[in-house]
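Participant: Quick one: this structure, given as structure tokens, is what I'll be asking you about.
The values are calculated or read from the model by the stated rules, or taken from the named source; none is laboratory data. The structure presented is a predicted model; accordingly, all values stated were derived computationally and were not measured. Please note: Cβ atoms are built from the backbone with ideal geometry, for glycine as well, and neighbour counts cover all protein chains shown.
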Amino acid sequence: MNKDRTPGQSLVLSEGWMRVNDSVMGGISTSRAYMEDDVLHFEGQLSLANNGGFVSLQRPVPEEVFSGSTDLCLNFKLEPGRQLQVRLRDGRGSDGVAYRQSITASGDWQRVQLDIGDFIPVFRGRVLTGYPGVEQTIAPRNIRQVGLLISDKNTTPFHLLVNEMSACTIH
């Protein structure tokens with residue numbers, strides 16, 4: 001059965017991104033982000049030194065963006081075999097529980113439709129499935145931050161390109 005996508009609000013890719021790398025915990029991974037020709041570029045290199053090994057971008061999401069949507073649609077390109085995590089957070093701060101889905105990159109442009117109900121709760125890399133007091137799903141209306149994270153222990157340079165990120169509903 002083919003699923004039809006109802007487009008929702010797109011996130012403006014050129015605004016609001018903040019880099020958070022493992023340097024916040026003593027790591028030495030590097031990254032930079034920039035816009036070119038309406039494409040978000042995120043590039044860098046992981047280092048496993050000093051117990052490091054992640055780089056990320058995150059940005060706030062206005063309240064209305066995901067309200068009424070069931071999915072996050074993303075069009076991206078990343079080196080084949082690399083793992084990209086998409087992370088969602090509610091409004092309770094940037095260091096609390098996140099909800100993640102992981103995608104294995106093909107090396108070509110990929111359009112993915114991620115069911116928000118399939119994101120799993122994590123805290124600093126640890127899966128929190130079944131933990132008392134932890135919501136097991138994030139309600140779309142509560143999403144206040146979206147993030148992109150690479151932590152696949154691959155120390156070769158990476159270059160992620162994103163030309164669309166939006167709320168959507170799959171029928």
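Participant: Where residues in segment 81-127 are outside any strand (DSSP E or B) and of a type in the set (Val, Ile, Thr), which of them is nearest to Pro62 (Cα to Cα)?
Facilitator: Of everything passing the filter in segment 81-127, Ile116 is nearest to Pro62 (Cα to Cα).
Participant: Being touching a residue at least 24 places away in the same chain (Cβ under 8 Å) and either under 18 Å from the mean Cα position of the chain (by Cα) or surrounded by 11 or more Cβ atoms within 10 Å (Cβ to Cβ) (or both) is the filter here, so list the residues in segment 24-40 that pass it. Walk me through it before giving the result.
Facilitator: Taking segment 24-40 and keeping what is touching a residue at least 24 places away in the same chain (Cβ under 8 Å), we get 25-31, 33, 38-40.
Matches in segment 24-40: Met25, Gly27, Ile28, Ser29, Thr30, Ser31, Ala33, Val39, Leu40.
Participant: Please tell me if Asp152 is at pLDDT 95 or above, loosely packed, with under 13 Cβ neighbours inside 10 Å and over 18 Å from Met18 (Cβ atoms).
Facilitator: So Asp152 does not fit the description; no.
Participant: Could you say which residue among Ser56, Ser14 is small (Gly, Ala, Ser), in contact (Cβ under 8 Å) with a residue 24 or more places away in the chain and within 14 Å of Leu148 (Cβ to Cβ)? If you could, list the steps in order and put the result at the bottom.
Facilitator: Numbers: Ser14 fails: within 14 Å of Leu148 (Cβ to Cβ).
After applying the criteria, what remains is Ser56.
Participant: May I ask you to list pairs of residues, at least six apart or on different chains, whose Cβ atoms are under 6 Å apart, with the first in segment 106-131 being more than 21 Å from Leu160 (Cα to Cα) and the second being part of a helix (DSSP H, G or I)?
Facilitator: Correct list of pairs: Ile116/Pro140.
Participant: Oh, and also: Would you pick out the residues in segment 97-126 that are over 11 Å from the mean Cα position of the chain (by Cα), under 18 Å from Ser151 (Cβ atoms) and among the small types (Gly, Ala, Ser)?
Facilitator: The answer is Ala105, Gly125.
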